[in-house]
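Data first, discussion second: the structure below is written as structure tokens.
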Amino acid sequence: MSSLLLMDRASSGFGEAIAYEALSRGHQVIATARSASKLGKIKGAGAAVLDLDVTSDEEKLAAVFKEANAIYGRITHVVNCAGYLLEGAVEEASNKEVFDTFNTNVFGTANVARAAAPYLREAAKVPGGQAALATFGSLGSWESGPAAAYYCSTKFAVSGLTEGLAEELRPFGITVCCFEPGYTRTGFLASGAGGDHRIKTARQIELYHNTGAEEMRKAMDAYNGNQPGDVVKCAKVIVDVLTKEGVAKGREIPVRLPLGSDCLGVVRHKCESALKLVKEWEEVISSTMH
């Protein structure tokens, strides 16, 4: 039986769906949120709950991991779902708004990875045991766009961070995977009073209102509640991959795994575009060597 620690956002979206899926399979789940009072439903379903902010200092994070480890005596899987979208053109955002989104989406991911590593190494030492760390990229890890450049750049960073992290932790028997969902039907795109995952920049410059930035804002509004991805189906795949069961049984776990046909289309287009670029510019690219 695995002891799965869900870092932040376990009260909604992917975190909530993964928690319920893991519990349904008999796994022990420790769910966290900035305020564990929001986790009443998951607690009622059998999960232990803790307060945690992924942007906390190292001492606080270490204390929470120590407390979490004491609940079941081990932590075998860590899933970091924390993240939000800063909506706005690059010019519109303030320094603080930019720092805050990177602090949660990127630095928070690194914070959790550092705090989790010692516990996952211990779990991997158990004969026949498993240890896995999951991070969350996005379709935005592959393609950026107007009004979402900051969010997408954080997801580029998380996917890149995960690639290096996977190589570092592989010698210790720890599986690391970055899940990269496409547009999935959660409350992520809700804005204003409807949610706290999509935060608009305080400043909006009139010049951008008739550009691609405005079109992206409208597209996100239209997609809210109509996203094609199924979060429950995603959760089943994620738990399969992390526990090497179901669709992942007998497979080598990838370091990056897109989820959703829309993300698959973006990945294919990105790869084809990159190959076209290097073919067209190969002579120039190669001419810069000593």
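The values are calculated or read from the model by the stated rules, or taken from the named source; none is laboratory data. Computed from a prediction, not measured in an experiment: that's the story for all the values here. Glycine also receives a Cβ, built like all others from the backbone with ideal geometry; neighbour counts cover every protein chain displayed.
Some values worked out for this structure:
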| quantity | calculated |
| --- | --- |
| Condition check for Val237: assigned to a helix (DSSP H, G or I) and closer than 26 Å to Tyr20 by Cβ | yes |
| Subset of region 242-258 that is in contact with a Lys or Arg (Cβ under 9 Å, 6 or more places away or on another chain) and not in a loop (DSSP other than H, G, I, E, B) - its residue that is nearest to Val158 (Cα to Cα) | Thr243 |
| Top-ranked residue of region 139-160 - restricted to ones that are touching a residue at least 60 places away in the same chain (Cβ under 8 Å) and among the small types (Gly, Ala, Ser), ranked as surrounded by the fewest Cβ atoms within 10 Å (Cβ to Cβ) | Gly145 |
| Region 141-152: number of residues that are within 18 Å of Asp100 (Cα to Cα) and either under 13 Å from the mean Cα position of the chain (by Cα) or not in a helix (DSSP H, G or I) (or both) | 4 |
| Scope region 246-264; condition in contact (Cβ under 8 Å) with a residue 40 or more places away in the chain and farther than 20 Å from Arg185 by Cα; matching residues | Ile253, Pro254, Val255, Arg256 |
| Residues located in region 65-90, provided they are part of a helix (DSSP H, G or I) and among the β-branched types (Val, Ile, Thr) | Ile71, Val90 |
| Condition met for Phe107 (aromatic (Phe, Trp, Tyr), surrounded by fewer than 14 Cβ atoms within 10 Å (Cβ to Cβ) and either part of a strand (DSSP E or B) or out of contact with any helix residue (DSSP H, G or I) (no Cβ under 8 Å at 6 or more places or on another chain) (or both)) | no |
| Tally, over region 42-67, of residues that are small (Gly, Ala, Ser) and out of contact with any helix residue (DSSP H, G or I) (no Cβ under 8 Å at 6 or more places or on another chain) | 2 |
| Qualifying position, being surrounded by 14 or more Cβ atoms within 10 Å (Cβ to Cβ), within 23 Å of Val29 (Cα to Cα) and small (Gly, Ala, Ser), among Ala89, Ala93, Ala62, Ala70 | Ala62 |
| Residues of region 169-204 satisfying the condition of being hydrophobic (A, V, I, L, M, F, W, C) and either more than 13 Å from Glu87 (Cα to Cα) or within 20 Å of the chain's Cα centre (by Cα) (or both) | Leu169, Phe172, Ile174, Val176, Cys177, Cys178, Phe179, Phe188, Leu189, Ala190, Ala193, Ile199 |
| Odd one out for Phe188, checked against (1) surrounded by fewer than 24 Cβ atoms within 10 Å (Cβ to Cβ); (2) in contact (Cβ under 8 Å) with a residue 12 or more places away in the chain; (3) more than 17 Å from Val237 (Cβ to Cβ) | (1) |
| Some residue of region 17-29 being under 30 Å from Ile205 (Cα atoms) and surrounded by fewer than 19 Cβ atoms within 10 Å (Cβ to Cβ) | no |
| Where Leu39 falls short, out of the listed (1) in a helix (DSSP H, G or I); (2) surrounded by 22 or more Cβ atoms within 10 Å (Cβ to Cβ); (3) modelled with pLDDT of 95 or more | (3) |
| Filter result for the condition that a residue is surrounded by 15 or more Cβ atoms within 10 Å (Cβ to Cβ), at pLDDT 95 or above and over 18 Å from the mean Cα position of the chain (by Cα), over Ala235, Ala248 | Ala248 |
